[in-house]
1. Going through Thr5, Thr59 one at a time, which residue ends up being of a type in the set (Val, Ile, Thr) and either modelled with pLDDT of 95 or more or more than 18 Å from Phe125 (Cα to Cα) (or both)?
2. Check the stretch 19-33 and report whether any residue there is touching a strand residue (DSSP E or B) at 6+ places or on another chain (Cβ under 8 Å) and closer than 18 Å to Thr110 by Cβ.
3. Any residue in the stretch 22-46 that's without any contact (Cβ under 8 Å) to a residue 40 or more places away in the chain and under 18 Å from Val114 (Cβ atoms): show its pairings with residues that are open to solvent by less than 30 Å² (accessible area, probe 1.4 Å) and in a helix (DSSP H, G or I) at Cβ separation under 9 Å, as long as the two are six or more apart or on different chains.
4. Go through the stretch 111-150 residue by residue and tally those that are on the phi > 0 side of the Ramachandran plot and open to solvent by less than 30 Å² (accessible area, probe 1.4 Å).
5. Any chance you could count how many residues in the stretch 1-54 are surrounded by fewer than 18 Cβ atoms within 10 Å (Cβ to Cβ) and more than 23 Å from Ala73 (Cβ to Cβ)?
6. Are there any helices (runs of 4 or more DSSP H) wholly within the stretch 1-115 with 1 or more residues that are among the aromatic types (Phe, Trp, Tyr), and if so which?
7. Being among the acidic types (Asp, Glu) and at pLDDT 95 or above is the requirement here; does Asp85 meet it?
8. On the basis of being at pLDDT 90 or above, of a type in the set (Lys, Arg) and closer than 25 Å to His56 by Cβ, does Arg121 make the cut?
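The values are calculated or read from the model by the stated rules, or taken from the named source; none is laboratory data. In this text the structure is predicted, and so the values were computed from the model without any measurement. With ideal geometry, Cβ positions are generated from the backbone for all residues, glycine too; neighbour counts draw on all protein chains shown. With ligands, DNA and RNA removed, areas are computed over all heavy atoms of the protein, side chains included. Shrake-Rupley method; radii C 1.70, N 1.55, O 1.52, S 1.80 Å.
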Amino acid sequence: MKWVTHQVIGAGVALLAGLPPLAVGAAWLGSIAPDVLDQKIAGLFPNKQKAFYKVHRRTTHWLGWWLAIWIAAFAVPGLARLVPDLTELPLLLAGLGLGGVTHVLLDMCTPSGVPLMPFSRTPRFSLNLCSTGSLREYLFLAAALGVMWLFAGDEIRPLLDRALRSLRHLVS
């Protein structure tokens, strides 16, 4: 999936879940975190492009890591009360974990799929519903925006504006 799809869906799900703005922002970041991490890992090698194709959609795209981050958000409040500087940590973890979960779930829809185990090349799981950048992806994004609009209305107007600007950029 394209980053715009990950970002819109990640932030939209956080909005629909009723998360506060800080957590919505963290979800937006979490929605692209697996790919950003893959890029950073690939950057450690001389041939970054070749390395990216070897590391992309491997360990960083395992659903378990992102579920663990999301679940940790519910365990951290007790710790946050003990350490005053951590009061926002549960919101950040909830958003980051939710964004990462949406990223992996969206990548499950593509032919490449996602790993079932964290450090394994196989087996992988794919719903094979659409290819990255295909018309089906953009139809999926449009349908998701429509559903978000029905449930969240004006709260998603900034998100919709960003998605439309990105789509216009892709078309021009």
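1. Thr5
2. Scanning the stretch 19-33 turns up no residue that is touching a strand residue (DSSP E or B) at 6+ places or on another chain (Cβ under 8 Å) and closer than 18 Å to Thr110 by Cβ.
3. Final answer for the pair search is Val36/Thr60; Leu37/Thr60; Asp38/Thr60; Asp38/His61; Ile41/Ala51; Ile41/Thr60; Ala42/Ala51.
4. Residues meeting the conditions: 1.
5. Qualifying residue count for the region: 16.
6. Helices (runs of 4 or more DSSP H) meeting the threshold: 3-16, 21-30, 48-55, 63-82.
7. no
8. So Arg121 fails the test.
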